[in-house]
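Quick note: the coordinates plus some simple rules give every number you see, no bench work behind them. Not measured: the values here are computed from a predicted model. FYI the Cβ positions are ideal-geometry reconstructions off the backbone, even for glycines, and counts take in every protein chain you see.
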Amino acid sequence: MRGAVMTAPGDVRVAEREDPTIVEPTDAILRVTAACICGSDLWPYRGADDVDHTPMGHEYVGVVEQVGADVRNVTVGDFVVGSFFASDNTCEICRAGYQSRCVHAYPMGAEGTQAELVRVPMADGTLVATPGQPDPDLVPSLLAASDVLGTGWFAAVAAEVGPGKTVAVVGDGAVGLLGVLAAKQLGAERIIAMSRHADRQALAREFGATDIVTERGDEGVAKVKELTGGLGAHSTIEAVGTQEAMTQAIRSTRAGGHVGYVGVTHDVSIDGTELFFSGVHLHGGPAPVRRFLPELIDLIWRREIDPGKVFDLTLPLDEAAEGYKAMDERRAIKVLLTP
Ligand SMILES: [Zn+2]
């Protein structure tokens, strides 16, 4: 099969890879309908994470092509969505709703989903079948549920978004934008999107943002305070993972408020004294997307939400290199790849 491989930072190629096979009786093999490039794939692309001939991709939707002897919940021919972490969905951590930290958690990035086929471990716990074969126009939204929507949703839940609340969103990538969508769905009264890019501001507004703040850092914090009577937001979504974004998120939140952080953290440190006196709750990490999949698939299936709008560039898998380049140069918000 063909699959995207990052040979070195900045160098993505689509190469012939070995077809995946059933290794454990709980595995399934999917024929990938659509995969995509994640903001977090840009960390190795830019040299911030180690990479050496690494298969790429952890987001996926597809059709079950083969199942191991012990798989019960999905069958050959099912259209399925899975999280970027495979999980058993039965351990104590999973049952508490934290499947990305399952005691058997397995990162799908290790399989590389930007490919024609992919092996999914713990298929019963990991995969959720859609009610039928989706209309083609639903595929991007279902793919979004695999990571960016689920992650934005978790960020909003972790930030305790709810009716009557003011939400600030730090980060205007796909996760931040879908954090806006989640906040709207969860009933937020006011949603402040922090973005300096006109196209992303427009999408944020479409997803439910009521205010746009273009300033960053302390100026951005001052602007959020100004919009909230000097108090700060009740709930803040941090969807970047840098020091500036985390600091901005904590400082934009009122005492007693909540920060939901989902940007993959890179060299972030938090000053203990500042945290102590901020009085804010911090909760986040790798999103337990599996927890939300049934609900998100249902919302998409009933066409109540259209998170697939974050994909503003679709390319054949063979042109994955151009997709990485477009995201790296911020010419595209998120790139969908069709094998
Ligand atoms: Zn588990």
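Karplus-based coupling profile of the range 16-29, in residue order and whole Hz: 6, 10, 5, 4, x, 10, 5, 9, 10, x, 9, 7, 10, 10, with θ = phi - 60° in 6.51 cos²θ - 1.76 cosθ + 1.60 and x standing for Gly or Pro.
With 0.36 nm allotted per residue and the present C-alpha distance subtracted, the Thr214-Arg46 stretch has 58.0 nm of extension available. Label separation (Glu18 vs Gln133): 3.2 nm, computed from points 7 Å beyond Cα along the C-beta direction. Dimensions of the range 224-339 along the principal axes, based on C-alpha atoms and rounded to the nearest Å, stand at 51, 34, 28, largest first.
Dipole check for the chain: with +1 at the C-beta of Lys and Arg, -1 at the C-beta of Asp and Glu, and the Cα centre as origin, the magnitude is about 980 Debye. Would you compute, from DSSP H runs of 4+ residues alone, the mean residue ellipticity of the chain at 222 nm, taking -39500 (n - 2.57) per run and dividing by the full residue count, rounded to the nearest 500? Mean residue ellipticity at 222 nm (helix-derived): -8000 deg cm²/dmol. Measuring between their Cα centroids, the range 61-79 and the range 187-226 lie 42 Å from each other. Taking all C-alpha pairs of the range 254-317, those more than 12 Å from each other amount to 80 percent. Placing one identical point scatterer on every Cα of the range 114-209 and ignoring solvent, what is log10 I(q)/I(0) from the Debye formula at q = 0.15, 0.17, 0.20, 0.25 Å⁻¹? Per q value, in the given order, log10 I(q)/I(0) is -0.67, -0.80, -0.97, -1.22. The value for the range 150-284 of Rg(Cα) / (2.2 N^0.38 Å) is 0.90. Its alpha carbons considered, the range 1-79 gives a radius of gyration followed by a Dmax of 14.8, 41 Å.
Straight distance only, please: which lysines reach the Cα of Lys309 with their own Cα at less than 16 Å, same-chain residues fewer than 8 apart left out? Those lysines meeting the cut-off are Lys184, Lys334.
Highest GNM mean-square fluctuation among Arg190, Arg119, Arg46, for the chain modelled with Cα contacts below 10 Å: Arg46. Measuring between their Cα centroids, the range 1-44 and the range 110-152 lie 13 Å from each other. The Rg/Rh ratio of the chain, with Rg taken over Cα atoms and Rh as the Kirkwood radius over Cα pairs, comes to 0.97. Here the chain carries DSSP beta bridges of which approximately 55% are antiparallel, counting only pairs with both residues inside. Spin-label model, Leu275 to Arg31: label points 7 Å out along the Cα-to-beta-carbon direction sit 4.9 nm apart. Rg ratio for the range 211-277: its Cα radius of gyration over 2.2 N^0.38 Å, N being its residue count, equals 1.04.
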